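One structure below.
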Amino acid sequence: MNATPDTSPMGANRIIPSAPASSAGAESRISARDVTVHYGEKQAIFGVSMEVPEKSVTAFIGPSGCGKSTFLRCFNRMNDTIEGCRVGGEITIDGEDIHRPSLDVVELRARVGMVFQKPNPFPKSIYDNIAYGPRIHGLVKSKAETDALVESSLKKAGLWKEVSDRLDQPGTGLSGGQQQRLCIARTIATGPEVILMDEPCSALDPIATSIVEDLIHELREQYTIIIVTHSMQQAARVSQKTAFFHLGKLIEYGETEQIFVNPREKQTEAYITGRIG
Amino acid sequence: MTSVLIAALALILMGVAYQQGVSRSRALAGASRLHSRPQYHGAFLALWATVPLLFVLLIWVVTSGMIQDWYIASQIPAEILPGTTEYASAAARLRNIASGFGVAGEIAPWEAEAGEGLARFMTILRLSIVALGALLGVAGLLVMRARLSPRLRARNHVETVIKTVLIFCSIVAILTTIGIVVSLVTETVRFFTYVSPVDFFFGTVWNPGYSTTSNEASGSYGMLPLLAGTVMISAIAMLVALPVGLMSAIWLTQYATPRLRNVIKPVIEVLAGIPTIVYGFFALVTVGPALSAFGDFIGFGINATSALTAGIVMGIMIIPFISSLSDDIIRQVPRAMRDGSLGLGATKSETIRMVIVPAALPGIVGAILLAVSRAIGETMIVVLAAGNAPILRFDPTEPVSTFTVTIVTALTGDADFASPQSLVAFALGLTLFVITLMLNIGALVIVRKYREQYE
């Protein structure tokens with residue numbers, strides 16, 4: 001069994017000191033302390049604690065059903081939308097508890113954007129897909145502002161060149177990879193600080209995957225990104241930090257290179273070498 | 001009688017044949033492996049024993065009337081010419097004597113003799129039909145029993161029969177529809193020999209003259225007042241049902257907790273189970289007088305029986321229809337769509353207004369069209385609550401009449417079925433049928449288009 005007791009929040013943090021210079025000075029933006037999640041009677045997450053550094057990519061890996069997606073959804077409180085789901089423990093972003101009663105969950109989700117597993121553009125035009133978030137949050141006041149925001153969001157998502165001449169076409173008509181980048185652009189448009197990605201490439205072909213990975217690489221300079229992935233190669237390619245989950249517990253969390261080259265826990269090693277999962 | 005006998009015979013044969021098939025194939029199984037399990041051999045034999053029998057029964061059902069008519073024709077004296085009313089009544093008398101039903105007046109000696117002859121003839125015929133059926137069944141059983149072998153593909157044969165039965169069932173449904181349409185069309189064509197289609201479709205006055213002496217058309221048969229009444233009541237019904245039904249569907253799918261939904265949804269659906277005649281009472285006894293009193297209160301004359309009363313009550317009747325259809329359609333909108341919107345920080349109601357309802361809109365439009373076609377065809381509520389006043393006017397507080405009400409009055413009076421006063425019912429029925437058919441096709445096309453979007 002897991003040697004790290006799930007009651008100890010320090011279990012995960014022990015590993016951090018080995019970090020190389022690149023993230024040593026980074027201030028931690030997101031911190032989770034002893035987070036638990038229950039679906040009805042069933043417990044899905046057992047006391048997970050971690051610090052996610054700013055402006056970097058953190059990957060969650062682990063076998064199916066290990067709770068990595070569930071844990072990801074805690075950061076923008078998307079678990080609230082699932083009936084019978086209860087979240088315990090504490091999560092702070094910039095030192096603010098996201099479960100405090102005075103927090104506006106709608107505003108939280110604008111600050112912590114989310115990209116889903118399957119590309120889910122709305123059945124609206126490409127333009128309206130991007131403008132949707134800014135409009136509901138009142139971020140744009142005029143047509144010109146909206147135009148500018150749509151353009152800059154699409155440019156950041158690397159989609160502008162491909163769709164600039166057909167912004168009025170339905171977003172559902174794009175290819176899978178383009179749809180996923182549209183969803184990323186849509187998320188960027190609300191001006192988030194954090195972007196959560198739940199297996200964003202699992203429905204895409206290898207070429208579209210590599211384009212999205214390049215995009216994640218660029219976005220890292222402006223946003224704090226947490227990505228859940230099934231592919232260990234992807235985690236190795238895009239992330240600076242990696243967390244390995246198993247059966248709802250955080251087994252190991254550290255620099256990506258260290259996790260893949262020199263894992264400390266036996267279970268991590270077993271997963272990475274393909275023996276579990 | 002014959003049918004019962006044949007059915008009993010068929011059941012017995014079926015049981016025996018099945019038993020034979022199973023036991024015989026079991027015996028064969030000793031030699032080599034069976035292609036099909038013994039049960040299939042049993043079913044195979046049972047089918048061969050009963051299908052010929054049922055075929056004979058079918059032929060009997062179709063032809064017995066014709067055979068009887070042929071026998072009667074041979075008995076009726078030559079001076080009564082076929083095709084006259086005297087001939088028809090003589091034939092009816094013979095049939096009634098033969099069946100022991102009894103007839104009015106004196107029975108002439110030739111009638112008594114012919115009636116008895118007819119009864120005897122039909123009895124012999126029936127018995128021989130039963131015998132023929134039994135013979136064929138037993139023959140089928142024996143011949144096919146001899147053909148049982150381990151290699152017999154009984155399983156595949158049974159499959160073929162099942163497929164044929166399924167095809168036959170769907171053909172029955174199609175033929176029934178065609179039959180209804182054909183009868184509607186022929187009667188409508190007969191009606192149009194009395195009244196010109198132009199007067200019917202574009203006439204603004206509905207005032208069929210009832211004449212007891214002739215079958216000539218008197219009065220006017222313009223359907224526009226009825227169309228206006230139908231459209232007005234349906235429109236009022238939709239104004240009531242649409243907002244209530246749609247919003248309750250949205251609440252049920254998006255806001256209600258599962259426990260609450262499990263209570264509320266069946267309660268709403270109980271509304272759909274109330275017989276429409278009961279809605280009719282409700283309109284007549286409760287809603288009509290209440291509306292009328294309310295009209296007096298605000299100084300505005302509202303008739304107790306009016307388009308408004310019928311429309312409101314019909315709207316209540318349609319609420320569960322709209323709400324459960326929309327419920328299904330809204331549920332079909334992928335959860336990913338909802339999550340995408342919530343994940344961008346939209347509130348629940350923003351998500352519903354801007355993402356879920358637009359995505360479900362084609363399906364909702366389909367549901368609305370289906371509901372409208374129900375409203376147009378609805379009868380009992382309007383019979384009781386609309387006031388039956390076929391006058392072209394557009395004031396919902398006045399009594400109106402509709403297609404369905406007029407059809408009821410045309411066919412329930414004591415007018416001759418061949419008179420234009422009754423035949424007009426078929427013309428109205430056909431018009432109603434075409435309108436609802438169009439709405440249903442429109443709804444189907446829209447719903448299908450919507451389905452393609454997510455698959």
- Matching option when the condition is under 30 Å from the mean Cα position of the chain (by Cα) and not small (Gly, Ala, Ser), among B:Ile302, B:Ile368: B:Ile368
- Does the range A:148-164 contain at least one residue that is within 14 Å of chain B (Cβ to nearest Cβ) and surrounded by fewer than 17 Cβ atoms within 10 Å (Cβ to Cβ)? no
- Item | Residues satisfying the stated conditions in the range A:101-117, i.e. surrounded by fewer than 18 Cβ atoms within 10 Å (Cβ to Cβ) and at the interface with another protein chain (Cβ under 7 Å from one of its Cβ atoms) | A:Val106, A:Glu107
- Number of the condition not met by B:Phe55 [criteria: (1) within 23 Å of B:Phe168 (Cα to Cα); (2) surrounded by 18 or more Cβ atoms within 10 Å (Cβ to Cβ)]: (2)
- Query: Do we have any residue at all in the range B:72-91 that's surrounded by fewer than 17 Cβ atoms within 10 Å (Cβ to Cβ), touching a residue at least 24 places away in the same chain (Cβ under 8 Å) and within 30 Å of B:Thr164 (Cβ to Cβ)?
  - Reply: no
- Out of (1) more than 18 Å from A:Val112 (Cβ to Cβ); (2) of a type in the set (Lys, Arg); (3) touching a strand residue (DSSP E or B) at 6+ places or on another chain (Cβ under 8 Å), the odd one out for A:Arg220 is which? (1)
- Per the filter on the range A:57-78, residues surrounded by fewer than 20 Cβ atoms within 10 Å (Cβ to Cβ) and either within 11 Å of chain B (Cβ to nearest Cβ) or in contact with a Lys or Arg (Cβ under 6 Å, 6 or more places away or on another chain) (or both) are A:Arg77
- Query: Within the range B:33-51, is even one residue farther than 30 Å from B:Leu9 by Cα, assigned by TED's automatic domain parsing to the domain that holds B:Ala134, among the basic types (Lys, Arg) and touching a residue at least 24 places away in the same chain (Cβ under 8 Å)?
  - Reply: yes
- Message: Step by step: first the residues of the range B:308-367, then only those that are more than 14 Å from chain A (Cβ to nearest Cβ) and either polar (S, T, N, Q) or in contact with a His (Cβ under 6 Å, 6 or more places away or on another chain) (or both), then the one that is surrounded by the fewest Cβ atoms within 10 Å (Cβ to Cβ). Which residue is that?
- Response: B:Ser324
- With (1) away from every other protein chain (no Cβ under 13 Å); (2) over 21 Å from B:Glu350 (Cβ atoms); (3) crowded, with 20+ Cβ neighbours inside 10 Å; (4) not charged (D, E, K, R) as the list, and A:Gly89 as the residue in question, which single condition is left unmet? (3)
- Note on the structure: Pairs returned, first residue in the range B:266-295 that is outside the structural domain of B:Leu308 (by TED's automatic domain parsing) and at pLDDT 90 or above, second residue that is buried (at least 17 other Cβ atoms within 10 Å of the Cβ) and not in a helix (DSSP H, G or I), beta-carbon separation under 8 angstrom, 6 or more apart or interchain, are none
- Task: Would you check which residues across the range B:395-424 are in a loop (DSSP other than H, G, I, E, B), under 26 Å from B:Thr286 (Cβ atoms) and of a type outside the set (Ser, Thr, Tyr) and list them?
- Result: B:Asp395, B:Pro396, B:Glu398, B:Pro399
- Residue in the range A:206-215 that is among the small types (Gly, Ala, Ser), within 14 Å of chain B (Cβ to nearest Cβ) and either crowded, with 21+ Cβ neighbours inside 10 Å or touching a residue at least 24 places away in the same chain (Cβ under 8 Å) (or both) present: no
- Note on the structure: Expected output for the range B:409-421 (first residue closer than 19 Å to B:Asn388 by Cα, partner modelled with pLDDT under 80 and in a loop (DSSP other than H, G, I, E, B), Cβ below 7 Å, 6+ apart or cross-chain) is B:Ala415/B:Tyr210; B:Gln421/B:Tyr210; B:Gln421/B:Ala415
- Task: Considering only the range A:216-237, state which residues are surrounded by fewer than 24 Cβ atoms within 10 Å (Cβ to Cβ) and either within 14 Å of chain B (Cβ to nearest Cβ) or farther than 24 Å from A:Glu151 by Cβ (or both).
- Result: A:His230, A:Ser231, A:Met232, A:Gln233, A:Gln234, A:Ala236, A:Arg237
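Having 3 or more residues that are within 18 Å of A:Ile130 (Cα to Cα) is the bar; report the helices (runs of 4 or more DSSP H) wholly within the range A:170-267 that clear it.
Ranges flagged: A:176-189, A:206-219.
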- Message: Based on this model, can you work out whether B:Val161 counts as more than 18 Å from B:Leu411 (Cβ to Cβ), surrounded by 14 or more Cβ atoms within 10 Å (Cβ to Cβ) and in contact with a strand residue (DSSP E or B) (Cβ under 9 Å, 6 or more places away or on another chain)?
- Response: no
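Test of understanding: among B:Thr397, B:Thr402, B:Thr379, which residue is among the hydroxyl-bearing types (Ser, Thr, Tyr) and surrounded by fewer than 16 Cβ atoms within 10 Å (Cβ to Cβ)?
Within the list B:Thr397, B:Thr402, B:Thr379, the selection yields B:Thr397.
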- Query: How many residues are more than 7 Å from chain B (Cβ to nearest Cβ) and either in contact (Cβ under 8 Å) with a residue 60 or more places away in the chain or not in a helix (DSSP H, G or I) (or both) if we restrict to the range A:118-143?
  - Reply: 9
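Tell me, which residue of the range B:258-309 that is of a type outside the set (Ser, Thr, Tyr) and touching a strand residue (DSSP E or B) at 6+ places or on another chain (Cβ under 8 Å) is nearest to B:Ile376 (Cα to Cα)? Talk me through it step by step, then tell me what you get.
Start the filter on the range B:258-309 by keeping residues that are of a type outside the set (Ser, Thr, Tyr), which leaves B:258-275, B:277-278, B:280-285, B:287-291, B:293-304, B:307-308.
Add one more test, that the residue is touching a strand residue (DSSP E or B) at 6+ places or on another chain (Cβ under 8 Å), and what stays is B:303, B:307.
Details: B:Asn303: 22, B:Ala307: 13 Å.
Result: B:Ala307.
The values are calculated or read from the model by the stated rules, or taken from the named source; none is laboratory data. If you're wondering where the values come from, they're calculated on a predicted model, not measured in any experiment. Note: ideal-geometry Cβ built from the backbone for every residue, glycine included; neighbour counts use all protein chains shown.
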